[in-house]
Amino acid sequence: MCIKTNKKELYETAIITSPIIALFECSVIALLTHQTVARFLVGVIVITILSLFIWLINIFVLNIENTTGAKTSWKRYTLSYMFLLIFFAFASITTDIISNESHTTPSVILQLTNILSLNAIVLIMVNNMIMRSQKSQTESELANLKIKHLEAEHQQLIQQLQPHFLFNSFSTLKSIIGTDTELAQEYLVKLSNFLRFTATAHQNTIIPLCEELEFTKNYIDLQQIRFEDALYYKISIPDNMISQFEIPVYALQSLVENAIKHNAFNNENTLKIDIVFDNGNLIVSNNKLPKPPGETKSGIGLNNLKKRYKLSTGQEINIEESSMNFRVTLKLISKRYD
């Protein structure tokens, strides 16, 4: 697996932790050696710079590993310490030349131990960030798989319902084609748009609200032509709000379909569906016209929507039911602009 980390987070962590490490190390040394304030401050600045440099080495090595697609961490550790030792040797030789004197062996060992210890601390923090990133990536991939599975289930439900839906649609078309040619043409266009959407919509998890709204309107209009005055709907969404939000695919249409499937309505008992926008929420409500016992559906579609919505948005859908009304509130997703 290629190691994926947020570079900005790495640099921010480097900037934040380097002075903290320096303060801790210099405080311990100051307590043991009774350093002056001036030497203490100089030590903090030097070790902060050294820590930042060690961070940069490890970020550079991490980029190399990402580029080459390496799968083992030991190569990264080896490169990290190799670059660090090269830097240490170069810095020691340069310092000796400039100062025209050689460092004693104990001094070299102490400096080397300090640098290797700092590198170990940085490596631990980098590994922790990598593990968190991989965990987040795995959870995201698992959530996407669950969403795809639920979408496949929903698509299967649609395919199972389509023969019945098409039979009713063609029956409706047959009944109006001889009496109202213009209405029949309008019906055929809406049916065509509806079927085209169902054939391709499963490719996306989240879609613009305007697309889901248009799809749902086509569906309701088809049903309204079939049921005539037995079905009434009203959509109250400000035009300037439609373009600002997104919604999981089929979410709105599923709720309308659910209302039509679970109620017994006719010209005397009209089914009324209201779709209202309210402060970033979409509220779908309808009056209840219960079917006779034995004719009620299982509610698979609504349960499927609840799971898909939770996985897609992290939000629960709010369901309120009384003896007279059924109401569902969906939290819309603010559209992201690149």
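The values are calculated or read from the model by the stated rules, or taken from the named source; none is laboratory data. Just so it is clear, the structure is predicted and the values come from calculations on it, not from any experiment. We place every Cβ from the backbone using ideal geometry, glycine too, and count neighbours over all the protein chains shown.
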Checklist outcome for this item: Checked against (1) surrounded by 15 or more Cβ atoms within 10 Å (Cβ to Cβ); (2) closer than 13 Å to L123 by Cα; (3) of a type in the set (F, W, Y), F40 satisfies every condition except (2)
Checklist entry - Checking Y250 against (1) surrounded by fewer than 18 Cβ atoms within 10 Å (Cβ to Cβ); (2) at positive phi, which test does it fail? => result (1)
Checklist entry - Looking at the stretch 298-330, which of its residues are in contact with a Ser or Thr (Cβ under 7 Å, 6 or more places away or on another chain) and not hydrophobic (A, V, I, L, M, F, W, C)? => result G301, S312, N318, N325, R327
Checklist entry - Just one of I283, I275, I319 is loosely packed, with under 15 Cβ neighbours inside 10 Å and either at pLDDT 85 or above or assigned to a strand (DSSP E or B) (or both); which is it? => result I319
Checklist outcome for this item: The strands (runs of 3 or more DSSP E) lying entirely within the stretch 171-254 that contain at least 3 residues which are under 23 Å from N267 (Cα atoms) are 231-236
Next on the checklist: Regarding the stretch 60-74, can at least one residue be identified that is surrounded by fewer than 18 Cβ atoms within 10 Å (Cβ to Cβ) and modelled with pLDDT of 85 or more?
Outcome noted: yes
Checklist entry - Can you tell me which residues in the stretch 234-288 are of a type in the set (D, E, K, R) and closer than 24 Å to K306 by Cβ? => result E246, E257, K261, K272, D274, D278, K288
Checklist entry - Is there any pair linking a residue in the stretch 121-143 that is in the same structural domain as F53 (by TED's automatic domain parsing) and without any contact (Cβ under 8 Å) to a residue 24 or more places away in the chain to one that is outside any helix (DSSP H, G or I) and of a type in the set (V, I, T), with Cβ under 9 Å and at least six apart or on different chains, and which? => result R132/T5
Checklist entry - Restricting attention to the stretch 239-258, and to residues there that are within 18 Å of F194 (Cα to Cα) and among the small types (G, A, S), which single residue is farthest from the chain's Cα centre (by Cα)? => result S254
